[in-house]
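Note sheet for the following structure.
The values are calculated or read from the model by the stated rules, or taken from the named source; none is laboratory data. Values in this document were obtained by computation on a predicted structure and should not be read as measured data. Note that each Cβ is placed from the backbone with ideal geometry, even for glycine, and that neighbours are counted across all protein chains shown.
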Amino acid sequence: MKSINPATEETIREHGEHDAGEVRHRLERAAAAAASWRDFSFAERAELMSRAAELLREKCSAYGRLIAEEMGKPIAAAESEVDKCAWVCDFYAEHAASFLAPEAVATDASRSFVRYDPLGPVLAIMPWNFPFWQHFRFAAPAVMAGNVALLKHASNVAGCALAIEDLFRQAGFPEGVMTALLVPSSRIAELIAAPEVRAVTLTGSERAGTEVAAEAGRRLKKTVLELGGSDPFIVLDDADPVAAAGQAAKARTVNSGQSCIAAKRFLVAEPIAERFEEELVQRMEALVVGDPMDRETEIGPMAREDLLATLDDQVSRTVAAGALLATGGRRLPRKGWFYAPTVLTGVAPGMAAFDEETFGPVAAVTRTRDTAEAIALANRSPFGLGASIWTADPMRAEDLAREIDSGSVFVNGIVKSDPRLPFGGVKSSGYGRELAAVGIREFVNIKTVWIK
């Protein structure tokens with residue numbers, strides 16, 4: 001498995017794939033760890049999870065550099081990602097016990113209650129775009145619930161997978177509570193089939209989600225899927241177009257545009273659309289594209305060359321279908337997989353940039369006649385992960401939020417994940433939830449106890 005620096009196209013390091021024997025050894029070790037880890041008290045688990053948070057903060061620079069080297073995230077954003085992982089560790093160290101406390105229920109029994117018991121080893125199939133956060137978002141609650149984690153990470157961030165495994169070891173967790181499995185995607189079915197694996201979580205593409213869900217379904221194993229998104233960014237006619245455009249540029253270029261919850265379709269009221277488009281173009285053109293290790297850089301390279309080629313094809317097909325290229329729309333003539341921040345206007349349903357998920361710094365703008373059309377267009381997508389509404393009347397937007405088919409709706413704010421709030425989607429964006437109290441209950445046995 002090769003880690004290739006997307007800014008230089010040079011191989012950083014190579015990692016040997018785990019053969020069948022090594023995978024078997026790691027699965028058995030994880031199962032043994034699960035049998036004992038479930039008996040640790042919440043206080044004992046919390047002490048170790050808090051230590052993991054401390055290590056994340058202590059080694060933030062080193063981990064940030066590793067992220068930047070392996071997938072091209074600008075160093076400041078990479079360090080912020082690591083810091084957010086520390087936050088989620090602290091959050092569940094503090095709240096897991098209350099989230100999973102037994103709940104008494106009055107029945108005809110002398111005593112009856114619901115308790116939450118761990119399932120055992122959970123396979124986490126994770127992507128490259130947030131190589132630390134995506135895993136910690138799952139692992140902090142799952143491990144605090146008494147499960148153990150099996151991390152099958154994206155092949156281009158194998159170094160991050162090994163670093164996470166080592167971090168848990170350094171924090172004092174028993175061997176096997178966090179296990180990295182260096183295997184290609186072609187071997188995922190074999191992992192799901194393993195008797196040690198009790199449940200599966202995936203963050204990835206719609207196609208990957210379909211395949212994992214089908215394989216897990218054949219084995220009757222619980223799944224949580226966080227898949228793609230084509231988030232609408234709705235600008236109503238009473239919004240400030242200049243301010244909204246400034247936020248739009250930020251929302252579209254989170255992680256250089258390589259984020260499931262990045263705003264991708266900009267649905268703007270006709271009366272203010274021209275001013276919004278002008279300002280958005282200026283903001284996108286002003287972004288600093290460059291070396292991820294430079295703290296002034298705002299847009300880094302795309303993580304892989306094939307991702308760049310796919311994005312460029314989507315832009316070309318959208319323009320060929322009648323959209324206007326306001327800026328960008330090309331690979332930058334330099335070493336590395338850099339794509340120019342791009343704005344497409346006149347985008348309509350039926351065009352690639354509207355119908356498909358674009359994973360890179362490309363904003364697609366669609367003008368809307370009224371609020372009803374904006375909501376209809378927002379929902380005219382197979383995806384339903386997040387959405388945002390921009391308006392001078394937040395109460396109006398609060399009413400509109402119930403009409404949008406998505407897992408979250410942010411009013412006058414950029415969509416983001418937060419340990420305190422449930423995170424996940426509907427439709428082709430997956431099912432199940434991560435984070436908050438509901439997230440930690442995804443991978444537990446919700447057990448009824450009835451006593452006479």
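Per-structure values
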read-out	value
Val281 in contact with a strand residue (DSSP E or B) (Cβ under 9 Å, 6 or more places away or on another chain) and not in a helix (DSSP H, G or I)	no
Scope the stretch 103-129; condition surrounded by 14 or more Cβ atoms within 10 Å (Cβ to Cβ), touching a strand residue (DSSP E or B) at 6+ places or on another chain (Cβ under 6 Å) and small (Gly, Ala, Ser); matching residues	Ser112, Ala124
Index of the failed condition, Ala32 passing every other in (1) surrounded by 20 or more Cβ atoms within 10 Å (Cβ to Cβ); (2) touching a residue at least 40 places away in the same chain (Cβ under 8 Å); (3) not β-branched (Val, Ile, Thr)	(1)
Residues satisfying the stated conditions in the stretch 312-333, i.e. part of a loop (DSSP other than H, G, I, E, B), touching a strand residue (DSSP E or B) at 6+ places or on another chain (Cβ under 9 Å) and without any contact (Cβ under 8 Å) to a residue 40 or more places away in the chain	Gly329, Arg330
Residue, farthest from Ser256 (Cα to Cα), within the stretch 7-24, restricted to residues that are assigned to a helix (DSSP H, G or I) and either of a type in the set (D, E, K, R) or in the same structural domain as Arg331 (by TED's automatic domain parsing) (or both)	Arg24
Qualifying residue in the stretch 40-52 (condition: exposed (fewer than 14 other Cβ atoms within 10 Å of the Cβ) and in contact (Cβ under 8 Å) with a residue 40 or more places away in the chain)	yes
Selection from the stretch 398-423 of residues that are under 16 Å from the mean Cα position of the chain (by Cα) and over 17 Å from Ala248 (Cβ atoms)	Ser406, Gly407, Ser408, Ser417, Asp418, Pro419, Arg420, Leu421, Pro422, Phe423
Residue in the stretch 212-224 that is outside any strand (DSSP E or B), under 23 Å from the mean Cα position of the chain (by Cα), in the same structural domain as Val362 (by TED's automatic domain parsing) and basic (Lys, Arg) present	no
Condition met for Thr297 (in a helix (DSSP H, G or I), out of contact with any Lys or Arg (no Cβ under 8 Å at 6 or more places or on another chain) and hydroxyl-bearing (Ser, Thr, Tyr))	no
Exclusive hit being under 19 Å from the mean Cα position of the chain (by Cα), modelled with pLDDT of 95 or more and either outside any strand (DSSP E or B) or not assigned by TED's automatic domain parsing to the domain that holds His25 (or both), set Ala158, Ala124	Ala158
Count of residues meeting criterion [in a helix (DSSP H, G or I) and surrounded by 17 or more Cβ atoms within 10 Å (Cβ to Cβ)] in the stretch 163-205	9
Ala140 being touching a Cys at 6+ places or on another chain (Cβ under 8 Å), within 26 Å of Val224 (Cα to Cα) and crowded, with 17+ Cβ neighbours inside 10 Å	yes
Residues satisfying the stated conditions in the stretch 333-357, i.e. surrounded by fewer than 17 Cβ atoms within 10 Å (Cβ to Cβ) and more than 26 Å from the chain's Cα centre (by Cα)	Pro333, Arg334, Lys335, Ala348, Gly350
All positions within the stretch 255-288 that are surrounded by fewer than 20 Cβ atoms within 10 Å (Cβ to Cβ) and within 25 Å of the chain's Cα centre (by Cα)	Leu287, Val288
Candidate set: the stretch 358-390, residues that are of a type in the set (D, E, K, R) and surrounded by fewer than 20 Cβ atoms within 10 Å (Cβ to Cβ); chosen: the one farthest from Val235 (Cα to Cα)	Arg380
Among residues of the stretch 418-437, those that are in contact with a Gly (Cβ under 9 Å, 6 or more places away or on another chain) and not in a strand (DSSP E or B), counted	9
Qualifying residue in the stretch 230-251 (condition: part of a loop (DSSP other than H, G, I, E, B), in contact with a Gly (Cβ under 8 Å, 6 or more places away or on another chain) and crowded, with 17+ Cβ neighbours inside 10 Å)	no
Search result, residues across the stretch 66-75 that are over 18 Å from the mean Cα position of the chain (by Cα) and more than 18 Å from Ala154 (Cβ to Cβ)	Ile75
Residue that is more than 15 Å from Asn255 (Cβ to Cβ), of a type in the set (A, V, I, L, M, F, W, C) and not assigned by TED's automatic domain parsing to the domain that holds Glu70, where the choices are Met302, Met293	Met293
Residue count, the stretch 12-27 (criterion: acidic (Asp, Glu) and surrounded by 14 or more Cβ atoms within 10 Å (Cβ to Cβ))	2
For Glu9: the one exception among (1) surrounded by fewer than 20 Cβ atoms within 10 Å (Cβ to Cβ); (2) at negative phi	(2)
Residue that is farthest from Leu119 (Cα to Cα), among those in the stretch 406-452 that are surrounded by 20 or more Cβ atoms within 10 Å (Cβ to Cβ) and of a type in the set (Phe, Trp, Tyr)	Phe410
